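Quick note: the coordinates plus some simple rules give every number you see, no bench work behind them. These numbers were taken from a predicted model, which means no experiment stands behind them. Here the Cβ positions follow ideal geometry from the backbone for every residue, glycine too, while neighbour counts run over all protein chains shown.
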Amino acid sequence: MHRSTLLPAALSRRRFIVRAGGMGMAGLFGTSTWDAMASTFVDLPFAIGHRELATNFPQKGAMILQRTRPPLLETPFDVFDQGVFTPNDRFYVRWHLANIPVFVDPAAFRINIHGHVRRPVSLTLHDLAREFKSLEIAAVNQCSGNSRGFFKPRVVGGEWANGAMGNALWKGVSLKDVLDRAGVKAGALQVRFNGLDTGVIPQTPDFMKSLGIDHARNGEVMIAYAMNGAPLPLLNGFPVRLVVPGWYATYWVKMLNDIEVLDTPDDNFWTRKAYLIPDTPFASIEPGQRDVKMIPINRMLPRSFFTNIKDEAVLKIGQTTTVRGIAFGGDAGVAKVFFSADAGGRWEEARLGPDHGKYSFRRWEVPLRLTSPGPYLFKVKAQNTAGTVQPDRANWNGAGFMRNVIESISVRAA
Amino acid sequence: MEVKLRKVALISTVPVLLLIALSARLAIHPGQTWTPVRVELPVSETAFPSGRGVEITPQCLICHSAGMVLRQPPLTREEWAGEINKMRNVFGAPLPADQVDALAGYLYGINGRQDTSRPTATDGQGS
């Protein structure tokens, strides 16, 4: 019915199916056949945005290659039109340190809980699954630097477009229950998380992150052993990762094998000196501004996106089109999504899809019929249940974190 | 016609859904076996372009592939030096201090920011 507007997404989906079919052949005939087929590229909409669409990463379909080693793989945006849950084989990937285990034996894997506790505990995966109550939470995992490539002026780092995020149904156990097993002692301040990955050289600080003790024990922070009903892909943290609903992904430590309760503030590099944001609304400052208090990045902000219409799309005059996309509220649920066909002059409330919980992506859609020809600037903005609305002006900081400006696309009616 | 199509779709998706449900059970339920996972990570074939100072760049490749560097926005020579020093001071890159300037010159040569009217935009965090 709305074929004209859906065509770009449908086409790219077909391309993906063809490519996924080819992957099976690679298994049969060896990787060289597949590599020869895999030279597809995408141009992200900013300078130096030319990227390979890589298909040679394990347990992954076509992904935008941001870095081979350690892997930074972005989800092609078309994937977000296919549903509110991001398939595991298209879920973005982000590692800091290149020494990543390529073999994980679940039988030998242990999670050690130690530090400021009454009795240090070492748990197998079976212990986790058998001895603790399981819980499921749909939650968005978003890189702190998602959309960094759109920063003006540009900043260094992973030059992502908008696909360094994904939504999954996480299943696992509550971190609180695991900490209770070890018995947190009075005076505990923070809980520090470490995974199996390390730097290539011993001088590189091991990647660790900490949460405040109350946050760690809020019952929602979890140790996840399943993602969308299947084991995690290795590059997403197999066999278990931390899930911190509503907070940026830097805290969602992958291949989590060490949990240390601290009674003094964590002074490791990644907690104290990295992933810091200006303590200002939307973490925004002026370029060059230095006199600002910096704090650890924390709660996510609301965002919303178009998924079935791309920038520079052409819509047919007089035809009704469903404009749709996804939204999330950050650390609160999506209250409302607003759409504007006239650059923000008039806003219309979108219809929201099923609610999978306050930390999940949520579908929005608006039926639209354009009656006069010409250019249009479409905008979409989300308001979360805490009342926070996406800003009109792009937030900016020197690390390229937390972009959540109202999204705009240019469309022509003809 | 429409009804028929829907039936076909249902028939084909049911076994897939069952399979997904079964594999999830195998992985996460008590008494079931977790399957070991072994993967192979691709090796980057991207090389730094030729230029004066390129002989220093193998030092960069100890910890990361070249592509990420080549995808950065243009930086001034001082900004490149800042990035190099971050790699040395924070991440322990074994690059001698007397090679920083030559490497910054090389990176500026392949991807330099000519417009120096605005202040430096990057805050030098390790992330």
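Let me spell out the model: positive unit charges on the Cβ of Lys and Arg, negative unit charges on the Cβ of Asp and Glu, origin at the Cα centre of the protein assembly as shown. What dipole size does that give, in debye rounded to 20? In debye, rounded to 20, the protein assembly as shown gives about 1360. First check a/c for the range A:125-204, with a ≥ b ≥ c the square roots of the eigenvalues of its C-alpha gyration tensor; if it is under 1.5, answer rounded, and if not, answer prolate when a/b is larger than b/c or oblate otherwise. Prolate, because a/c is 1.5 or more and a/b exceeds b/c.
Taking the Cα centre of the range A:32-160 as origin and assigning +1 to Lys and Arg Cβ atoms and -1 to Asp and Glu Cβ atoms, the resulting dipole is close to 600 debye.
Largest GNM mean-square fluctuation among A:K60, A:K273, A:K358, using chain A with Cα springs under 10 Å: A:K273. Inter-chain Cβ neighbour count for A:78-86, averaged per residue, equals 0 (cutoff 10 Å, partner chain atoms only).
Ordering A:M208, A:V156, B:V37 by the projection of their Cα atoms onto the charge dipole of the protein assembly as shown, which places +1 on the Cβ of Lys and Arg and -1 on the Cβ of Asp and Glu, puts B:V37 at the extreme positive end.
Between A:D105 and B:T35, the distance separating the two model label sites (each 7 Å from Cα on the Cα→Cβ line) works out to 1.9 nm. How would you classify the range A:303-413 from its alpha-carbon gyration tensor, with a ≥ b ≥ c the square roots of the eigenvalues: rounded for a/c under 1.5, else prolate if a/b is greater than b/c, otherwise oblate? The shape class here is oblate.
Positive end of the dipole of chain A (Cβ unit charges, origin at the Cα centre): among A:P245, A:P71, A:S410, the Cα lying farthest that way belongs to A:S410. With the simple model of a label 7 Å out from the Cα in the direction of the Cβ, A:S122 to A:S408 spans 5.9 nm. If a spin label sat at a point 7 angstrom from the Cα of B:L61 along the line to its beta carbon, no backbone N atom of the range B:86-127 would be nearer than 12 Å. Each Lys and Arg adds +1 at its Cβ and each Asp and Glu adds -1 at its Cβ; summed about the Cα centre, the range B:40-127 shows a dipole of about 160 debye.
Projecting the Cα positions of A:N141, A:F103, A:F46 onto the charge dipole of chain A (unit charges on Cβ atoms of Lys, Arg, Asp and Glu, taken about the Cα centre) puts A:F46 furthest along the positive direction. Counting only DSSP beta bridges with both residues in the protein assembly as shown, the antiparallel share comes to about 90 percent. Note on chain A: GNM, Cα springs under 10 Å; of A:I295, A:I317, A:I201, the largest mean-square fluctuation is that of A:I201.
Among residues other than A:D266 with Cβ under 10 Å from its Cβ, the summed charge is +1 (Lys and Arg +1, Asp and Glu -1). Between A:T320 and A:T280, the FRET efficiency from the beta-carbon distance, with R0 = 30 Å, is close to 0.10. Multiplying the residue separation of A:R130 and A:R346 by 0.36 nm and subtracting their alpha-carbon distance yields 72.3 nm. For peptide A:222-235, the mean count of partner chain Cβ atoms within 10 Å of a residue's Cβ comes to 3. Between A:Q289 and A:A394, the contour length at 0.36 nm per residue exceeds the Cα-Cα span by 36.2 nm.
Cβ-Cβ distance of A:F269 and A:L377, R₀ of 56 Å, FRET efficiency by 1/(1 + (r/R0)^6): the value works out to about 0.85.
Could you state the angle between the C-alpha long axis of helix A:3-29 and the longest principal axis of the C-alpha atoms of chain A, as a value from 0 to 90 degrees rounded to the nearest 10? Tilt of helix A:3-29: around 50 degrees. Taking the inverse of the mean 1/r over every pair of distinct Cα atoms in the protein assembly as shown gives a Kirkwood hydrodynamic radius of 24.7 Å. Here the simple spin-label model places points 7 Å from the Cα toward Cβ, and for A:R369 and A:H50 these points are separated by 4.5 nm. Put simply, the range B:40-127 fits an ellipsoid with semi-axes of 20, 15, 14 Å; these come from the alpha carbon gyration tensor as the roots of five times its eigenvalues, largest first.
If you run the Gaussian network model on chain A, springs between alpha carbon atoms under 10 Å, then out of A:G237, A:G318, A:G61 the most flexible one is A:G318.
With a cut-off of 9 Å between beta carbons, the residues surrounding A:L189 carry a summed charge of -2, where Lys and Arg count +1 and Asp and Glu -1. Computed from the alpha carbon positions, the gyration tensor of the range A:174-230 leads to an equivalent ellipsoid with semi-axes of 24, 19, 9 Å, biggest first.
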